[in-house]
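Below is the structure I would like to discuss, written out as structure tokens.
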Amino acid sequence: MSDDSKYPSQLAERFQIRMPDGLRDRIREAAEKNNRSMNAEIIHRLEDGLVLAEQNMTLKNELLNCREKITRLETSLNSSNSATIEPPDAAQLEAMVESAAKAAAKEAAKEVAELLRGRLEGLDIKVQRGIDGRIKNRDTELKRRKGE
């Protein structure tokens, strides 16, 4: 059977894992609640986890950058014998973090859109194969009838 005649799921890479006791049941229950197969639920959870981890890393980096900027400003002010400046208060820090979170969410939305675009392309291929198969079956049936 050539790759052209296989469904995308038959071409997909396979990976077996060992699960702790009870995890398979929890995945099955979550899949049922979300009207997904267990495979789809696992993939959904993995993709969400990766996006969230990337967002978290972006936020952590942005927070570190903010702290470094504050430290540099404080050092600069202290070295020039200027009046000391108070570090940003909680509201200012919250605004900085919120700004970083919005930027990370925007980037994550782009990544999710790309993932969905890829899945839709895969579905288009599967639908086209189904249509091609039906046309082939119809043509075969017509030829058979003509031959009778």
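Given the condition touching a helix residue (DSSP H, G or I) at 6+ places or on another chain (Cβ under 8 Å) and of a type in the set (Gly, Ala, Ser), answer yes or no: does some residue in region 72-80 qualify?
no
Looking only at region 51-74, filter to residues that are under 25 Å from the mean Cα position of the chain (by Cα) and surrounded by 13 or more Cβ atoms within 10 Å (Cβ to Cβ); which one of those is farthest from Glu111 (Cα to Cα)?
The extreme case among them is Leu63.
Among the residues of region 1-14, which ones are surrounded by 12 or more Cβ atoms within 10 Å (Cβ to Cβ) and either on the phi > 0 side of the Ramachandran plot or in a loop (DSSP other than H, G, I, E, B) (or both)?
Across region 1-14, the qualifying residues are Lys6, Tyr7, Ala12.
Conditions (1) surrounded by fewer than 12 Cβ atoms within 10 Å (Cβ to Cβ); (2) at pLDDT 85 or above; (3) of a type in the set (Lys, Arg); (4) not in a helix (DSSP H, G or I), marked per residue:
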{"residue": "Gln16", "(1), (2), (3), (4)": "yes, yes, no, yes"}
{"residue": "Arg36", "(1), (2), (3), (4)": "no, yes, yes, yes"}
{"residue": "Glu41", "(1), (2), (3), (4)": "no, yes, no, no"}
{"residue": "Leu46", "(1), (2), (3), (4)": "yes, yes, no, no"}
{"residue": "Ala83", "(1), (2), (3), (4)": "yes, no, no, yes"}
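Okay, next question. Among the numbered criteria (1) surrounded by 12 or more Cβ atoms within 10 Å (Cβ to Cβ); (2) at pLDDT below 85, which one does Asn78 miss?
Among (1) surrounded by 12 or more Cβ atoms within 10 Å (Cβ to Cβ); (2) at pLDDT below 85, the lone unmet condition for Asn78 is (1).
Asp21 - would you say it is among the charged types (D, E, K, R), over 30 Å from Ile125 (Cα atoms) and in a helix (DSSP H, G or I)?
no
I'd like the full set of residues that are surrounded by 10 or more Cβ atoms within 10 Å (Cβ to Cβ) and part of a helix (DSSP H, G or I), limited to region 24-34.
Across region 24-34, the qualifying residues are Arg24, Asp25, Arg26, Ile27, Arg28, Glu29, Ala30, Ala31, Glu32.
A further question follows. Please work out if Ala104 is at pLDDT 80 or above, touching a Ser or Thr at 6+ places or on another chain (Cβ under 9 Å) and under 30 Å from Gly49 (Cα atoms).
Spelling it out, Ala104 is indeed at pLDDT 80 or above, touching a Ser or Thr at 6+ places or on another chain (Cβ under 9 Å) and under 30 Å from Gly49 (Cα atoms).
The values are calculated or read from the model by the stated rules, or taken from the named source; none is laboratory data. The structure displayed is predicted, hence computed values, not measured ones. Note that we place each Cβ from the backbone using ideal geometry, even for glycine, and neighbour counts take in every protein chain shown.
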